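The values are calculated or read from the model by the stated rules, or taken from the named source; none is laboratory data. Just so you know, these numbers come straight off a predicted model, no measurement behind them. Cβ atoms come from the backbone with ideal geometry, glycine included; neighbour counts cover every protein chain shown.
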Amino acid sequence: MDNPDPVIGDPRLRAPVVNTHIFVAAPADLTRVNVCLRSDIRYWTRVLGVSEEALRKATMNVGDLSWNVRAELRRNRRR
């Protein structure tokens with residue numbers, strides 16, 4: 001085995017790198033909120049900071065255009 005670099009140290013003794021960020025894939029079409037796909041629901045609930053139920057209600061009220069859904073959720077927060 002090669003001698004470990006004294007500056008870096010033995011690679012076996014390094015702590016593993018832990019990624020604390022959760023990757024959520026963006027939908028293919030960011031202009032529409034598709035509540036039929038779990039991946040899209042996961043994305044939009046995290047981005048908009050709402051529950052799945054609130055997201056579904058907003059899409060039922062105003063349709064699936066993301067700008068309209070955002071506006072509807074903002075209106076509901078003010079009430």
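Quick notes on this structure:
- Subset of segment 30-57 [in contact with a Ser or Thr (Cβ under 7 Å, 6 or more places away or on another chain) and outside any loop (DSSP other than H, G, I, E, B)]: Arg32, Thr45, Glu52, Leu55
- Residues located in segment 56-74, provided they are among the β-branched types (Val, Ile, Thr) and without any contact (Cβ under 8 Å) to a residue 24 or more places away in the chain: Val62
- Pairs where the first residue, in segment 14-33, is modelled with pLDDT under 65 and the second is loosely packed, with under 11 Cβ neighbours inside 10 Å and assigned to a loop (DSSP other than H, G, I, E, B), C-beta under 9 Å, 6+ apart: Arg14/Ile8
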